[in-house]
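K.L.:
For reference, the structure I am asking about is given below.
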Amino acid sequence: MNRVLLLMVMLLMVTSTVYADGGHDHHVIPTMPSLGDTKIAIDDHTVTLTFGPVDLPTGHDGDLASSMPKKVFQLPDDTYMIGYKSEVFTKDGQPLPKNYLHHILMLNNDKPSVSCDGEPLFFAGAGLEMTEARFPDGYGVKLGKGQNLMSVVAFYHKAPPTKDVMARFTMYVAPKGTKVQEMDVYQVGVNIVCYSKFGQRGADQTDEGIEIKPGVSVLSAPLKFNMDGCVKFAYPHGHDELLMVALENKTSRETLLRTVPEVDADGTFRDFRPHQVYRNDKGFTVTKRDDYEMVMVHHHPLQNPNIQHGMGNYLLYMTPGVCPQSANTASAR
């Protein structure tokens, strides 16, 4: 029902002539200025969305913490996304630090989420890590002709005053006629990842993540999957001071994913190196019957008085059903 209501609201706010025009939903604050524009370009190999320019800092609005009007758009043909990347820069083309971008989320309002009941499918996205995603050859996420896709962009509200900031999200797509095996997308995290469950967050958790105490913190959350799947790619997400994020099968006592970011000496996040992003066409199996756990480890310097919030998430790209020859030894390779 939540997904249907979201779709109805968005469709009412989209102009009848051009689906790619941005629409405000009922969460938008009336006094907010019109923050930038979104342009879409489509060719044989990419679908590219360019956002802005926007003057920073800027606020967040609604459950999905949007800094700009959400954009609903359609593709002219059935398309398979086979990877993606994000960028943040100034209007004149100068790259900006990654932490200027809070997140870019891509949703399919016409396909239900497997992991978040009643929500539309969150099929791609990036935050501070801005890691490039390239799925194993022959696999992709189907984006159907005419389906209502939506982008949500948020810039970091603590970014220093900066004029004419822009962001770009590029989806790599399979050439027409290419044989592609379709994957589902499943989101998991230590922090609550389904916006319909944000009301269940504890007092120490906000849209910035879970508050990290001084010193070393090990936080975890139990997990049950709603489907059996064979994970082919795992896109990680984390914030400053993250030391590790992991997915573990508690029933079989196996660590399935163990992802360690590159950080500065003070814990400032740099990126996830390619060898730390799981990509394997053989995959590993997750099932509805087993018990799982998400784990994240942070270190907040004792002398740092600032409050830090952490996240430890994965977007899991998986084919339905168990792997043909499952060998669950997937830790960060």
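K.L.:
Restricting to region 84-96, name every residue that is assigned to a strand (DSSP E or B), surrounded by fewer than 22 Cβ atoms within 10 Å (Cβ to Cβ) and either touching a Ser or Thr at 6+ places or on another chain (Cβ under 9 Å) or not aromatic (Phe, Trp, Tyr) (or both). Step through it out loud before you land on a result.
P.N.:
We begin by selecting, within region 84-96, every residue assigned to a strand (DSSP E or B); these are 84-90, 95.
Applying the additional criterion that residues be surrounded by fewer than 22 Cβ atoms within 10 Å (Cβ to Cβ) yields 85, 87, 89-90, 95.
The answer is LYS85, GLU87, THR90, PRO95.
K.L.:
Turning to a different aspect of this structure: Pull up region 130-152, narrow it to residues that are within 22 Å of LYS70 (Cβ to Cβ) and touching a helix residue (DSSP H, G or I) at 6+ places or on another chain (Cβ under 9 Å), then point me to the one that is modelled with the lowest pLDDT.
P.N.:
Result: MET130.
K.L.:
Right, another one. Would you point out the residue of region 39-77, among those that are in a strand (DSSP E or B) and modelled with pLDDT under 70, that is farthest from ASN148 (Cα to Cα)?
P.N.:
Initially, region 39-77 is screened for residues in a strand (DSSP E or B), giving 39-42, 46-56, 61, 66, 70-73.
Among the residues that remain, those that are also modelled with pLDDT under 70 are: 61, 66.
On the way: ASP61: 21, SER66: 18 Å.
Looking at residues that are in a strand (DSSP E or B) and modelled with pLDDT under 70, I get ASP61.
K.L.:
Let me ask something else. Take the residues of region 192-209 that are among the small types (Gly, Ala, Ser) and assigned to a loop (DSSP other than H, G, I, E, B): which is least open to solvent (accessible area, probe 1.4 Å)?
P.N.:
Ranking the qualifying residues of region 192-209, first place goes to GLY202.
K.L.:
Which ones in region 153-190 are open to solvent by 10 Å² or more (accessible area, probe 1.4 Å) and within 13 Å of the chain's Cα centre (by Cα)?
P.N.:
GLN187, GLY189
K.L.:
Okay, next question. Which of the residues that make up region 222-264 are over 18 Å from the mean Cα position of the chain (by Cα), farther than 20 Å from GLY321 by Cα and open to solvent by less than 20 Å² (accessible area, probe 1.4 Å)?
P.N.:
Within region 222-264, just GLU241 meets the criteria.
K.L.:
Does ARG134 satisfy the criteria of being farther than 19 Å from PHE51 by Cβ, touching a residue at least 60 places away in the same chain (Cβ under 8 Å) and among the basic types (Lys, Arg)?
P.N.:
Working: farther than 19 Å from PHE51 by Cβ: yes; touching a residue at least 60 places away in the same chain (Cβ under 8 Å): yes; among the basic types (Lys, Arg): yes.
Criteria met by ARG134.
K.L.:
Can you tell me which condition GLY146 does not meet? The list is (1) open to solvent by 40 Å² or more (accessible area, probe 1.4 Å); (2) touching a residue at least 12 places away in the same chain (Cβ under 8 Å); (3) over 19 Å from THR48 (Cβ atoms), and all the others hold.
P.N.:
Of the numbered conditions (1) open to solvent by 40 Å² or more (accessible area, probe 1.4 Å); (2) touching a residue at least 12 places away in the same chain (Cβ under 8 Å); (3) over 19 Å from THR48 (Cβ atoms), the odd one out for GLY146 is (1).
The values are calculated or read from the model by the stated rules, or taken from the named source; none is laboratory data. These figures come from a predicted structure and were not determined experimentally. Cβ: placed from backbone, ideal geometry, glycine included. Neighbour counts: every protein chain shown. Ligands, DNA and RNA are stripped out before the accessible areas are found, and what is left, the full protein with its side chains, is counted by its heavy atoms. Shrake-Rupley method; radii C 1.70, N 1.55, O 1.52, S 1.80 Å.
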